[in-house]
Each structure stands twice: as structure tokens, then as C-alpha cells.
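S.K.: I have a structure I would like to understand better, so I am pasting it below and will then ask my questions one at a time.
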Amino acid sequence: MLDGLWIASAAPAIDAALGSMGTTGPIAVLGSARLAKALTARDRKVTLVGASGRAPIAGALAALPVVPEFGAIIGLKVGEDDDWSATLASWALATVDGGGLVMVDRGPAVELSRRALCAGLTALEQRVAGRWIVTSGLVSRL
């Protein structure tokens with residue numbers, strides 16, 4: 001319930017993930033104004049999409065563009081999403097080829113890795129930031 005208050009504490013791990021992926025272009029943060037602000041303070045060009053506090057995934061999916069335009073997308077709580085496959089597929093569609101997806105969650109690290117692999121992400125990495133697990137990977141369109 002109070003997760004949104006401490007999400008900015010994951011910003012250093014997210015910034016490290018973005019750095020290791022070498023993403024270029026704008027970064028979309030789905031549903032967390034605090035996280036977007038924390039990343040902007042780290043000199044990242046961030047676009048906040050779907051700033052709904054209660055349901056960040058549901059509100060943000062409708063706002064994503066159909067044409068790929070983001071160098072990376074950062075989303076929250078994919079581990080709690082029953083329709084995670086469709087969620088990650090829509091994030092990948094809004095990301096340029098070679099761009100990154102970053103999932104920030106408190107779910108089990110093994111499950112988050114499995115979901116990232118099932119979504120077709122490559123070069124997976126995981127970082128721990130307090131109680132948050134930051135899972136990142138690259139979108140590859142063959």
C-alpha cells in the first residue's frame with residue numbers, strides 16, 4: 001500500500017540497469033511520478049506515462065504508443081499482474097529494437113526472470129534495491 005513512497009529508493013539500481021543496457025532515446029516510466037522525478041534528478045530524459053497510483057499497469061498500457069519510440073520502459077509490479085504476458089508484449093512493442101525493459105517489483109526474483117525470458121528479453125540482469133528487485137533486459141526483434 002505504501003510502496004509508492006519508497007519506490008524512488010530503487011532509482012540507483014534502475015539507473016545502473018539503464019547504463020549497462022546502453023539505451024538511447026527517451027525513457028518511459030509507467031505509473032510512478034516519484035520514480036520519474038528520481039530518475040530525472042539523475043540526468044535521465046524521462047516521460048511519465050499513466051500516473052495512476054492504484055493501478056499503474058492498467059492505466060499506463062492504454063497510453064503507450066503503438067509505434068516504437070522509447071529507448072527503455074520502466075514498469076512496476078509485473079509480478080502481481082495476472083496478464084503479465086500481454087503487459088510485457090505491449091511494453092516491448094512501444095520500445096525500439098535493442099531498447100530495454102526494466103521491471104521493478106517485490107516478487108520472487110526467479111519468477112521475474114522467468115517472465116522476462118518468456119517475453120523474449122535478452123541480456124537479463126537483476127539488481128536488489130532494498131526490498132525491490134530490478135529486472136532488466138533488451139528487446140530483440142528478429
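S.K.: Search region 14-24 for residues being surrounded by 15 or more Cβ atoms within 10 Å (Cβ to Cβ) and of a type outside the set (A, V, I, L, M), and hand back the single one that is farthest from Gly130 (Cα to Cα).
M.R.: My answer is Thr23.
S.K.: What is the residue count in region 12-47 for residues that are at negative phi and free of Cβ contacts under 8 Å to residues at least 40 places away in the same chain?
M.R.: Adding up the residues that qualify gives 15.
Every residue, every condition in (1) assigned to a helix (DSSP H, G or I); (2) modelled with pLDDT of 85 or more; (3) in contact with a strand residue (DSSP E or B) (Cβ under 9 Å, 6 or more places away or on another chain); (4) under 20 Å from Trp132 (Cα atoms), yes or no:
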position: Ile7; (1), (2), (3), (4): yes, no, yes, yes
position: Pro12; (1), (2), (3), (4): yes, yes, yes, yes
position: Asp43; (1), (2), (3), (4): no, yes, no, no
position: Gly75; (1), (2), (3), (4): no, yes, yes, yes
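S.K.: Let me ask another. Mind telling me which of the residues Gly59, Gly22 ends up being out of contact with any helix residue (DSSP H, G or I) (no Cβ under 9 Å at 6 or more places or on another chain), within 15 Å of Gly137 (Cβ to Cβ) and modelled with pLDDT under 90?
M.R.: Going through Gly59, Gly22 in turn, just one is out of contact with any helix residue (DSSP H, G or I) (no Cβ under 9 Å at 6 or more places or on another chain), within 15 Å of Gly137 (Cβ to Cβ) and modelled with pLDDT under 90: Gly22.
S.K.: Something else about it: Which of (1) crowded, with 19+ Cβ neighbours inside 10 Å; (2) at pLDDT 85 or above; (3) more than 16 Å from Val134 (Cα to Cα) is the odd one out, the single condition Asp83 does not satisfy?
M.R.: (1)
S.K.: Can you run down the residue pairs with Cβ atoms below 9 Å, 6 or more apart or on separate chains, where the first is in region 77-100 and of a type in the set (Lys, Arg) and the partner is crowded, with 19+ Cβ neighbours inside 10 Å and outside any loop (DSSP other than H, G, I, E, B)?
M.R.: Filtered contacts from region 77-100: Lys77/Pro56; Lys77/Ile57; Lys77/Met103; Lys77/Val104; Lys77/Asp105.
S.K.: When the residues of region 25-41 are narrowed to those that are assigned to a helix (DSSP H, G or I) and not charged (D, E, K, R), which ends up modelled with the lowest pLDDT?
M.R.: Ala33
The values are calculated or read from the model by the stated rules, or taken from the named source; none is laboratory data. Bear in mind that the values here come from a model prediction, so they are computed numbers and not experimental data. Please note: Cβ atoms are built from the backbone with ideal geometry, for glycine as well, and neighbour counts cover all protein chains shown.
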